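Single-structure report; data block below.
Nothing in this text is a laboratory measurement; each read-out follows from the coordinates by a stated rule. Note that the structure is a prediction, hence the values are computed from the model and not measured.
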Amino acid sequence: MKTELFNSRRRWLAWVGAFGLALNLLASEQPSLDPNLEPLRPWLGKTWKGEFKNSTPDKPIVDVSRWERALNGKAVRVLHSVNDGAYGGESIVMWDEEKKTVAYHYFTTAGFRTAGTMTFKDGKVHSHETVTGNAGGITEVRSTAEVRPDGTLYTKTEYFKNGEWTPGREVTYREDSTASVIFK
């Protein structure tokens with residue numbers, strides 16, 4: 001009887017231990033993401049808010065962006081809006097198997113769109129895109145983005161316009177769970 005009680009208790013403890021281990025493994029597992037998109041994982045599930053470098057107190061320019069895992073991990077979706085919806089856009093980033101590159105499409109509230117590619121090097125994301133539609137004479141955009149050691153997300157862009165590359169926007173974002181992407 002004592003042995004049966006001991007074995008029963010031991011089985012119960014083993015079951016509780018196995019159940020706890022399974023819960024820990026499930027809790028620590030991250031949702032799947034295409035391996036080619038893994039460098040973007042630090043940004044996923046987060047909302048970022050940043051002020052443009054040329055923003056002023058009387059004319060603030062604030063961008064809010066939300067990065068999400070999409071399409072069962074086969075894509076990353078980025079929504080963003082500037083100044084509570086004065087301008088905004090949506091990007092879908094995916095691995096292009098045919099071209100063997102990370103590709104994306106960006107659609108804007110201004111009516112133009114872009115198609116581009118991303119590369120990852122030295123902890124930075126480098127992108128280059130071509131513009132379709134009227135973007136004020138801009139025909140190409142190139143940019144660099146990185147999550148810095150202090151946890152901020154820094155982006156810098158350049159625009160190809162009138163046959164030359166010119167400085168674009170420069171923004172340092174901070175994670176802000178209270179910020180919202182707004183479209184009008």
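Things worth noting here:
- Anchor LYS49: lysines whose Cα lies under 25 Å away (excluding residues fewer than 8 positions away in-chain): LYS59, LYS121, LYS124, LYS156, LYS184
- Placed amide H near THR47: partners under 5 Å, 5+ positions off or other chain: ASP176
- Database remark: amide H of GLY168 closer than 5 angstrom to the amide H of THR157, GLU158, TYR159 (H placed geometrically; neighbours at sequence offset of 5 or more, or on other chains; Pro and chain starts carry no H).
- Interchain or long-range residues, amide H under 5 Å from THR101's placed H: ASP96
- From phi via Karplus (6.51, -1.76, 1.60), per-residue ³J(HN,Hα) for the stretch 51-66 in Hz, x at Gly/Pro: 9, 4, 4, 8, 5, 10, x, 7, 9, x, 10, 10, 10, 10, 10, 10
- Our coupling estimate for the stretch 100-112, obtained by passing each phi through the Karplus curve with A = 6.51, B = -1.76, C = 1.60 and θ = phi - 60°, is 6, 8, 7, 10, 8, 10, 10, 10, 10, 6, 7, x, 8 Hz, Gly and Pro reported as x.
- Reported to the nearest whole Å, the Cα centre-to-centre distance from the stretch 24-94 to the stretch 102-157 is 12.
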